[in-house]
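Engineer: Handing you a structure now.
The values are calculated or read from the model by the stated rules, or taken from the named source; none is laboratory data. Predicted, not measured: the structure shown is a model, and the values here were computed from it. With ideal geometry, Cβ positions are generated from the backbone for all residues, glycine too; neighbour counts draw on all protein chains shown. Only protein heavy atoms, including side chains, enter the accessible area calculation; ligands, DNA and RNA are left aside. Shrake-Rupley method; radii C 1.70, N 1.55, O 1.52, S 1.80 Å.
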Amino acid sequence: MAVEYLCKVCRGHLNVKTSIILAASKLTNRSHRGLIYLNPEIGNYTTTTHPSFKIREGEEYIYTCPICAAQLNSMKYLHMVRIIMIDEDGKEYNIYFSGIAGEKCTFKIRGTKLESKGPDAKLYNRFFEVPEEDKKYL
Ligand SMILES: [Zn+2]
């Protein structure tokens, strides 16, 4: 079984061939929108868009599911976008990445297990890390 990526709302498959396909629009100008292809390899931040839709570093984007049009940006964690990943063993994870273009960070979460990747993960660690004082109870 291959790794699958699903919409958190409709659970439709977002990965086609070698990309995760999402619709994106610029937060400050929603008419600036298009499809974005993300690399499904965690820690690889290569993206592909049509030449008419240029992603600007430092700008925040709203990501939506191309199947059900639901917004994928997290309501809970500012600037984070969430999709679901199912690994080769059928285990399900929440994947969070930054909605701000150019920020390289990914969080892979299942229950209390957290994996973080990317040089900018430190910007958001506080959202996901278990507080020091709770660690002794784990
Ligand atoms: Zn959907």
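Engineer: Keeping the other protein chains in place, figure out the carbon and sulfur percent of the accessible area of the chain, with a 1.4 Å probe.
Structural biologist: Ligands and nucleic acids excluded, carbon and sulfur reach 51 percent.
Engineer: Using θ = phi - 60° and the Karplus relation 6.51 cos²θ - 1.76 cosθ + 1.60, list the HN-Hα couplings for region 17-29 in order, rounded to whole Hz, with x at every Gly or Pro.
Structural biologist: Result, ordered by residue: 6, 10, 9, 9, 10, 10, 9, 9, 9, 6, 4, 8, 7 Hz.
Engineer: Using a 7 Å offset from the Cα along the Cα-to-Cβ direction at both THR112 and VAL3, what is the distance between the two label points in nm, to one decimal?
Structural biologist: Spacing of the two 7 Å Cα→Cβ label points: 2.5 nm.
Engineer: Next question. By what distance, in whole Å, do the Cα atoms of the chain stretch along each of the three principal axes, largest value first?
Structural biologist: 52, 35, 24
Engineer: Could you state the accessible area per residue of the chain in Å², with a 1.4 Å probe and every protein chain left in place?
Structural biologist: 60 Å²
Engineer: If we sort 87-96, 58-67 on the protection proxy, mean other Cβ atoms within 10 Å, highest first, what's the order?
Structural biologist: Numbers: 87-96: 14.1, 58-67: 17.2.
Ranked from most to least packed, the peptides come out as 58-67, 87-96.
Engineer: For the pair SER31/HIS13, report the inter-label distance in nm, with labels modelled 7 Å from Cα in the Cβ direction.
Structural biologist: For SER31 paired with HIS13, the spin-label model returns 3.7 nm.
Engineer: Below 8 Å, C-alpha to C-alpha, sequence gap of six or more: please give me the relative contact order for the chain in percent.
Structural biologist: It comes to 20 percent, rounded to a whole number.
Engineer: When the dipole is taken about the Cα centre of the chain, and only Lys, Arg (+1) and Asp, Glu (-1) are charged at their Cβ, what size is it in debye, to the nearest 20?
Structural biologist: Value, rounded to 20: 340 debye.
Engineer: List, in order, the whole-Hz ³J(HN,Hα) value for each residue of region 76-85 obtained from phi through the Karplus relation with A = 6.51, B = -1.76, C = 1.60 and θ = phi - 60°; use x for Gly and Pro.
Structural biologist: Computed from phi, the couplings for region 76-85 are 8, 10, 4, 6, 9, 10, 10, 10, 10, 10 Hz.
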